[in-house]
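All remarks here apply to the structure that follows.
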Amino acid sequence: MSSSQSSKFSVKNPYGSIDNSFKTKRENSSEFEYRFSGIKCKCDIESPCQEAWKEGTLDPGRKIFGCSRYKDPSKRCNFFLWVDPPYSERARDVIKGLKMKNMKKDEEIHKGVVEYNFVDKKMLVLHEQCKSLEKKNDELVELLQKKERKVFKYKFLFILVLVWFMMKLFN
Ligand SMILES: [Zn+2]
């Protein structure tokens, strides 16, 4: 298929009252740009083409036209028009499997984050303990230096007295 070739999608309209003929243009091998001639919802507003990603959607990513006021339950109408055909059972199984795998990965990531936070907290406590031990060590070193100075003083005095005594003795 050439890049500009257009193809007509056949879609099912559950309401049957809206003209559902529109054309798609293939942009590249994985993307479609939807071209349509004024598909409007029951509110008479142009309907945006979106992908269904709601939790619990049977066919996630399936393209759909819906009411542009879909975010406001008090104003939106119940118009919807599927663009893509429903997925096959095989595709649904594959998506289910991928979702399960994704959930497991999410759980593993969550576990990793919890473990990281736990280790981080422990590191913080150890860091605090280390700081307190360093402070105590500094205090002890200072005390030891004081005592060494005192011992040196006494030794010096003792030698002086000894010298004085010897001098007295031999004189
Ligand atoms: Zn509407």
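With the cut-off at 1.5 for a/c, could you classify segment 73-170 from its C-alpha gyration tensor as rounded, prolate or oblate? It comes out prolate by the Cα gyration axes.
For segment 89-134, with equal point scatterers placed on the C-alpha atoms only and solvent neglected, what are the log10 I(q)/I(0) values from the Debye formula at q = 0.23, 0.28, 0.29, 0.34 1/Å, to two decimals? These q points yield log10 I(q)/I(0) values of -0.78, -0.89, -0.91, -1.01.
The lysines whose alpha-carbon is closer than 17 Å to the alpha-carbon of Lys122, local same-chain residues fewer than 8 away aside, are Lys111, Lys131.
Annotation: amide H-H contacts under 5 Å for Ile39 (H modelled 1.01 Å from N, sequence separation of 5 or more, or interchain): Ser47.
Subtracting the Cα-Cα distance from 0.36 nm times the residue separation, let me have the gained length for Lys75 to Leu58 in nm, one decimal. The partial results should precede the final answer.
Working: separation 17, 0.36 × 17 = 6.12 nm, distance 2.55 nm.
Value of the extension gain: 3.6 nm.
The lysines whose alpha-carbon is closer than 28 Å to the alpha-carbon of Lys71, local same-chain residues fewer than 8 away aside, are Lys12, Lys23, Lys40, Lys42, Lys54, Lys63, Lys96, Lys99. Using a Cα-Cα cut-off of under 23 Å, which lysines could be cross-linked to Lys153, ignoring same-chain neighbours fewer than 8 residues away? Of all the lysines, those that pass the test against Lys153 - Cα under 23 Å, at least 8 places apart if same chain - are Lys168.
Only the coordinates and a few stated rules stand behind these numbers; no lab work does. Everything numeric in this text was worked out from a predicted model, so none of it was measured.
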